[in-house]
1. I'd like to know if region 75-86 contains one or more residues that are surrounded by 15 or more Cβ atoms within 10 Å (Cβ to Cβ), at pLDDT 90 or above and within 18 Å of VAL24 (Cβ to Cβ).
2. Which residue out of PRO16, PRO58 is touching a residue at least 12 places away in the same chain (Cβ under 8 Å) and within 23 Å of LEU131 (Cβ to Cβ)?
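The values are calculated or read from the model by the stated rules, or taken from the named source; none is laboratory data. As the structure is a prediction and not an experimental result, all values here were calculated from the model. For neighbour counting, all protein chains shown are included, and Cβ atoms are generated from backbone atoms with ideal geometry for every residue, glycine included.
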Amino acid sequence: MQATELARKYGYDKIPYENLTKVVLLIYLVMTSFAMFYRPDFMSMTAVSLGIYAVSNPNVFKRKTFRMLVAFMMISFIYDIVFLIFIHDSEADDESDSHMAINVRRFAYFFAWLSFAFRPIVIAVFWKASLNYREFVKP
């Protein structure tokens, strides 16, 4: 109930999930775009694209389809865990490009980790929006 109290503090009767999902998607899009300077992150970019389409055209999606989008975001989160912790090797990346792109790689991986840390917020907002999907479709 703290979220509802926070919404009332800023002049809303209830939490505006439509606007909140748009803001969260925009932040997630920027972080994913910066992370893609060095590493192709097509799963996250696909999730962002589908999220933008779902928020822009909520009448096209059903509640079940919207929840599948949330599940896809969870799958991309698990993929990033595997990639960032187990597959990624910074030393091998540095040696493969003769230490020429160290700063670009550090910049990109900083945003990859930032996007990874932000993803639970994105998933939580989309999950909550899927629970209130009828209000989301007909604001």
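1. Yes, that holds for at least one residue.
2. On the way: PRO16 fails: touching a residue at least 12 places away in the same chain (Cβ under 8 Å).
None of the others qualify; the one that does is PRO58.
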